[in-house]
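Read through the structure below, which is laid out as structure tokens, and then see the notes.
The values are calculated or read from the model by the stated rules, or taken from the named source; none is laboratory data. Note that the structure is a prediction, hence the values are computed from the model and not measured. Counting neighbours? That spans all protein chains shown, and the Cβs are built from the backbone with ideal geometry, glycine included. Only protein heavy atoms, including side chains, enter the accessible area calculation; ligands, DNA and RNA are left aside. Shrake-Rupley method; radii C 1.70, N 1.55, O 1.52, S 1.80 Å.
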Amino acid sequence: MRWEGQRLDADDGGLLPGMPSARGLLRSVQVPEFPGVTLHEVLSRSALNKVPDGSRMPFGYTINPYRGCLHQCVYCLAGDTLVLMADGSQRPIADLRVGDRIIGTERRGTYRHYVETEVLAHWSTVKPAHRVTLGDGTRIVASGDHRFLSARGWKYVTGAMAGRERRPHLTTNDELLGFGRSGPTPVACADYRRGYLTGMVRGDGHLGVYRYPRVNGGGGVQHRFRLALADVEGLDRSQAYLAEEGIRTDRFAYSAATPERRAMTAIRTSSAGAVARITALVAWPEAPGEAWQRGFLAGIFDAEGSRSGGALRIANTDVEILGRTRSALAVLGFDSVLEDRARPNGLATVRVRGGLREHMRFFHLVDPAIRRRCSVDGVAVKSDADLRVVELSDLGVEMPMFDITTGTGDFVANGVISHNCFARKTHEWLDLDSGRDFDTQIVVKTNLVEVLRRELAKPSWRREHVALGTNTDPYQRAEGRYRLMPGVIRALADSGTPFSVLTKGTLARRDVPLLASAARDVPVGFGVSLAIWDDDLHASLEPGVPSPRARLDLVRAVTDAGLPCGVFLAPVLPGLTDRLADLDAALEAVAAAGATGVTVVPLHLRPGAREWFSAWLAREHPALVPRYRQLYRGGAYVPAEYRAWLAERVAPLLRRHGLDGHSGGRARGVPGEAPSGEAASGVPGDDEASFPAGSLPATRPAAPAPARRGRGRAPARDDAVPGQLALI
């Protein structure tokens, strides 16, 4: 719904800044009950939003009474997809921000080329998960609607050869495009730092102790360390690593730029103790570990490496350095060759074989500081990586996933080219951003019920399933002021149209009798989300959201009225809500409320939420700060070990309270699955939500299955683990 799309025959109403064409805008108001929020009251030309024909969603239409949401939730569920950045590094998709520079592709003549592009939008959702396994071992978890670039063009993960689901889709005959499997970026531990300094100092540094005679007799001793580079990134890292070892160095301008050479900057020290310490740090270890080998390769590449003409080389005149380089490469599984052209100065090079596939694996495994040599901008999309699709699996579970919109319409995820699936751009279409504006600039379709009844009365209306809550919560606080939902429910029921509602707003309790009445005429589904069980903790973390018990009362009211209702128990907070007694109490209460299913998910910390939560944790629970730093050191997610521990803890509780797989509820990572064909219960989401096939009845049943975003059914294990991806 764009402002341009609100043109009516009525006179112009008020206008928003920068939106002179908003003729459907009646007024923009700020009211005392919603401080800091602007409500834009508009006249909408349409109420029913048709789902694209290619979508696999088991409903044909959605209704969004509001654009934007007053819940202003802190937590978002994300995937740990690794996206290729413009500098050649990788970053989890959850940690991306609008404006980040990443790599996309564009066609230039015969070949597609990697090019630098920008992240334009970034959001999360929950969708049914499918796993794509490639010949080189890459495993990608994606929704069925996600598209990848194959040798035969863009293809969806799932589809059919005929009928409504017909569309280009992956099969085991397809081969994806990209450079393939890479590797995890190393942690800068003590061994890695020492390896890096060894490669850098031995490769390009000046280190020694010099004795010289004095004029008046005797001798003197001079201790000297100097490292001069044109790329300051390598100098910054070296200086920082030395500082961590207690070695202070001074920085100075080493040489000015000339038409032929770049300017060089250097660090130095002449302290006898510092020089002795550096000498000890860069001594060859007797049995170097893998972390040292990675650090050494990063250091020697920053010092003496190059990448041009499709070749990655490391040059040196020292035979031992060249030998150590080849040995470290072999440890990490690289094939290398020594190129010795018998030059008078003894200069030889070690070349890494394997083309772009191995070059990218090298950059990600060793993590050089100098990034200009690591970019793929302008490189043709050609690779000998085995990217054949060897297996396609429906995981039978919904998972938290992320997606982004980019300037090129694609991006590189885990080494393969991935298309933007869709964009949550409803606010940006209105020239409002999808961040703070989404929380504080709420668009209200004041004439929604009138328009909806008119559309439902058309002879062409086929009474397809309509979903509410797939974009924004229809029972957010603004609904208390505008009361649009009763009219929507009556209009749908009167027309014989089945529908589902997803919400975390307890305001929905107002309409439970109306929903129950509607369920006697049409199939109705319902779901509620529940983040924190403890009242005191909830008051501290979510002061503006209905309390857990209030939301459980909503579940009870819904089930008492004869409607099925699922619960999404998330996020579980390590050290705060993952105690056995807390989980037991929460699941007991959920079961007692009559929930028809439950899904349990640990806390994810996205940028923005991470900073806010960390500040709150340091203030309220400082003793837990070290534990959280350890748990989330790798990004937005807890490690697989914690997820497995939580799953093991939750599994018997689910069985005890009748919420296991046979009852429609599961924890992420709990072994086993619900019986085939058994409908799991539904839950609402904060952003985009979906109602997968099987959760919504095609005909009017006595007890319709609820709509769902997080399914009661869960995976045999959490497949969004390091080395795998979660894509929309």
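Going by the conditions given, is Glu391 open to solvent by 10 Å² or more (accessible area, probe 1.4 Å), of a type in the set (Asp, Glu) and not in a strand (DSSP E or B)?
On the way: open to solvent by 10 Å² or more (accessible area, probe 1.4 Å): yes; of a type in the set (Asp, Glu): yes; not in a strand (DSSP E or B): no.
So Glu391 does not fit the description; no.
Assuming Ala266 fulfils every condition listed in (1) under 17 Å from Gly299 (Cα atoms); (2) of a type in the set (Gly, Ala, Ser); (3) open to solvent by 40 Å² or more (accessible area, probe 1.4 Å) apart from one, which condition is it?
Only one criterion is unmet by Ala266, namely (3).
Given the residues Thr249, Thr279, which is the only one that is open to solvent by 60 Å² or more (accessible area, probe 1.4 Å), hydroxyl-bearing (Ser, Thr, Tyr) and at pLDDT 95 or above?
Working: Thr249 fails: open to solvent by 60 Å² or more (accessible area, probe 1.4 Å).
Exactly one of Thr249, Thr279 is open to solvent by 60 Å² or more (accessible area, probe 1.4 Å), hydroxyl-bearing (Ser, Thr, Tyr) and at pLDDT 95 or above, namely Thr279.
Taking Ile314 as the residue in question, decide whether it is within 39 Å of the chain's Cα centre (by Cα), of a type in the set (A, V, I, L, M) and more than 17 Å from Asp191 (Cα to Cα). Walk me through it before giving the result.
Values: within 39 Å of the chain's Cα centre (by Cα): yes; of a type in the set (A, V, I, L, M): yes; more than 17 Å from Asp191 (Cα to Cα): yes.
Answer is yes for this residue.
If you take the residues in region 134-169 that are hydrophobic (A, V, I, L, M, F, W, C), open to solvent by less than 50 Å² (accessible area, probe 1.4 Å) and farther than 22 Å from Tyr111 by Cβ, which one is modelled with the highest pLDDT?
Residues of region 134-169 that are hydrophobic (A, V, I, L, M, F, W, C), as a first pass: 134, 140-142, 148-149, 151, 154, 157, 160-162.
After this cut, where a residue has to be open to solvent by less than 50 Å² (accessible area, probe 1.4 Å) as well, the list is 134, 140-142, 148-149, 157, 160.
So of that shortlist, the ones also farther than 22 Å from Tyr111 by Cβ come out as 140-142, 157, 160.
Values: Ile140: 86, Val141: 85, Ala142: 84, Val157: 90, Ala160: 86.
Top of the filtered list is Val157.
Out of all the residues in region 239-251, is one or more among the hydrophobic types (A, V, I, L, M, F, W, C), in contact (Cβ under 8 Å) with a residue 40 or more places away in the chain, assigned to a helix (DSSP H, G or I) and under 21 Å from Phe362 (Cα atoms)?
At the first step, the residues of region 239-251 found to be among the hydrophobic types (A, V, I, L, M, F, W, C) are 240, 242-243, 247.
From the residues that got through so far, the ones that are in contact (Cβ under 8 Å) with a residue 40 or more places away in the chain too are 242.
Next, from what is left, pick out any that are assigned to a helix (DSSP H, G or I): 242.
Imposing the further condition that a residue be under 21 Å from Phe362 (Cα atoms) reduces the set to none.
No, region 239-251 has no match at all.
I need the full set of residues from region 394-416 which are outside any strand (DSSP E or B), buried (at least 17 other Cβ atoms within 10 Å of the Cβ) and not polar (S, T, N, Q), in order please.
Once the filter is applied, which keeps residues that are outside any strand (DSSP E or B), buried (at least 17 other Cβ atoms within 10 Å of the Cβ) and not polar (S, T, N, Q), region 394-416 yields only Gly415.
Can you work out which of the residues in region 578-590 that are open to solvent by less than 30 Å² (accessible area, probe 1.4 Å) and part of a helix (DSSP H, G or I) is farthest from Arg509 (Cα to Cα)?
Taking region 578-590 first, the residues open to solvent by less than 30 Å² (accessible area, probe 1.4 Å) are 578, 583, 586-587, 589-590.
When the remaining residues are screened for being part of a helix (DSSP H, G or I), the result is 583, 586-587, 589-590.
Details: Leu583: 25, Ala586: 21, Leu587: 21, Ala589: 18, Val590: 17 Å.
Checked region 578-590; the qualifying residue farthest from Arg509 (Cα to Cα) is Leu583.
One line per residue, one yes/no per condition, for (1) open to solvent by less than 50 Å² (accessible area, probe 1.4 Å); (2) under 20 Å from the mean Cα position of the chain (by Cα); (3) of a type in the set (Ser, Thr, Tyr); (4) modelled with pLDDT of 85 or more:
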position: Arg606; (1), (2), (3), (4): yes, yes, no, no
position: Pro622; (1), (2), (3), (4): no, no, no, yes
position: Arg627; (1), (2), (3), (4): no, no, no, yes
position: Glu641; (1), (2), (3), (4): no, yes, no, yes
position: Gly665; (1), (2), (3), (4): yes, no, no, no
position: Ala674; (1), (2), (3), (4): yes, no, no, no
position: Glu688; (1), (2), (3), (4): yes, yes, no, no
position: Phe691; (1), (2), (3), (4): yes, no, no, no
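Please work out which residue is modelled with the lowest pLDDT, limiting yourself to region 338-365 and to residues that are hydrophobic (A, V, I, L, M, F, W, C) and open to solvent by 30 Å² or more (accessible area, probe 1.4 Å). Give the steps one after another, and end with the answer.
Going through region 338-365, the residues hydrophobic (A, V, I, L, M, F, W, C) turn out to be 338, 342, 347-348, 350, 352, 356, 360, 362-363, 365.
Checking the rest, the ones that are also open to solvent by 30 Å² or more (accessible area, probe 1.4 Å) come to 338, 342, 347.
Numbers: Leu338: 94, Ala342: 83, Leu347: 93.
Ranking the qualifying residues of region 338-365, first place goes to Ala342.
Suppose we filter region 170-187 for residues that are over 30 Å from Arg294 (Cβ atoms) and open to solvent by 30 Å² or more (accessible area, probe 1.4 Å); how many remain?
Kept after step one, since they are over 30 Å from Arg294 (Cβ atoms), are these residues of region 170-187: 170-175.
Those left that are additionally open to solvent by 30 Å² or more (accessible area, probe 1.4 Å): 171-173, 175.
Residues in region 170-187 being over 30 Å from Arg294 (Cβ atoms) and open to solvent by 30 Å² or more (accessible area, probe 1.4 Å): 4 in total.
With respect to Ala593, is the statement that it is in contact with a helix residue (DSSP H, G or I) (Cβ under 6 Å, 6 or more places away or on another chain) and free of Cβ contacts under 8 Å to residues at least 40 places away in the same chain true? Write out each step before concluding.
Values: in contact with a helix residue (DSSP H, G or I) (Cβ under 6 Å, 6 or more places away or on another chain): yes; free of Cβ contacts under 8 Å to residues at least 40 places away in the same chain: no.
No.
The conditions are (1) open to solvent by 50 Å² or more (accessible area, probe 1.4 Å); (2) in contact with a helix residue (DSSP H, G or I) (Cβ under 6 Å, 6 or more places away or on another chain), and Arg224 fails exactly one of them. Which is it?
Here Arg224 meets the rest and fails (2).
Looking only at strands (runs of 3 or more DSSP E) that fall completely inside region 443-561, which ones have 3 or more residues that are in contact with a helix residue (DSSP H, G or I) (Cβ under 8 Å, 6 or more places away or on another chain) and crowded, with 24+ Cβ neighbours inside 10 Å?
Details: elements: 466-468, 499-503, 524-530.
Once the strands (runs of 3 or more DSSP E) in region 443-561 are filtered for at least 3 residues that are in contact with a helix residue (DSSP H, G or I) (Cβ under 8 Å, 6 or more places away or on another chain) and crowded, with 24+ Cβ neighbours inside 10 Å, what remains is 524-530.
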